[in-house]
């Protein structure tokens, strides 16, 4: 069984790729929520479910865990309307995941240079792992690497593309009386 799973052209939500978020006053983990379309990502979902089953056998002696203890869940279970109709994969990382540039050859090392936003489509490399410690038993997903794949409708309404921001601007000349003089 290969450790890594590639999921291509999947919608992303809550991308925290460079800084750990503060959630309810506590530091969270870097990572992202991946919104898998049951039809378009049926092969990826099948691979994920197969690995979850293998982890049940290997780490939990065949005992299955409740849905809330799994990294892959039905969108309806997550309580967010934008997740309805999707399979939701929660993928976190102990440190920062590798952010791959759109050329596929370089990395993005600064949040300001990162094209990934909530609602865009990404390619993601993940790895599943079983947790069995004092914090409980779970099947978790590690976000290993992520790459911007395509624009999508923003989930939080805050993303503005460079083209949208630049629309309406032109070169400035000294004769331009629409600009305030310094």
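Values quoted throughout were computed directly from the atomic coordinates according to the rules given, and no laboratory measurement underlies them. Quick caveat: nothing in here was measured; it's all calculated off a predicted structure. Please note: Cβ atoms are built from the backbone with ideal geometry, for glycine as well, and neighbour counts cover all protein chains shown.
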Hey, what number do you get for the chain at 222 nm if only DSSP H runs of n ≥ 4 count, each worth -39500 (n - 2.57), divided across all residues, to the nearest 500?
-4000 deg cm²/dmol
Report the extension gain between residue 4 and residue 94 in nm, rounded to one decimal, defined as 0.36 nm multiplied by the number of residues separating them, less their alpha carbon distance.
30.8 nm
To test your reading of the geometry: what angle, between 0 and 90 degrees and rounded to tens, separates the Cα axis of helix 42-60 from the longest principal axis of the chain?
40
Note: probe point = Cα of residue 114 + 7 Å toward Cβ; backbone nitrogen < 20 Å; residues of the stretch 19-38 passing the test are 19-36
Name the residue, out of 107, 81, 154, whose mean-square fluctuation peaks in a Gaussian network model built on the chain with Cα pairs under 10 Å.
81
Rg (Å, one decimal) plus Dmax (Å, integer) for the alpha carbons of the chain?
19.9, 78
Virtual spin-label span in nm between residue 59 and residue 103, 7 Å along Cα→Cβ
3.8
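How high is the relative contact order of the stretch 4-166, in percent, counting Cα pairs under 8 Å that sit 6 or more residues apart?
29
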Taking the Cα-to-Cβ direction at residue 39 and at residue 127 and moving 7 Å from each Cα, how far apart do the two end points lie in nm?
3.5
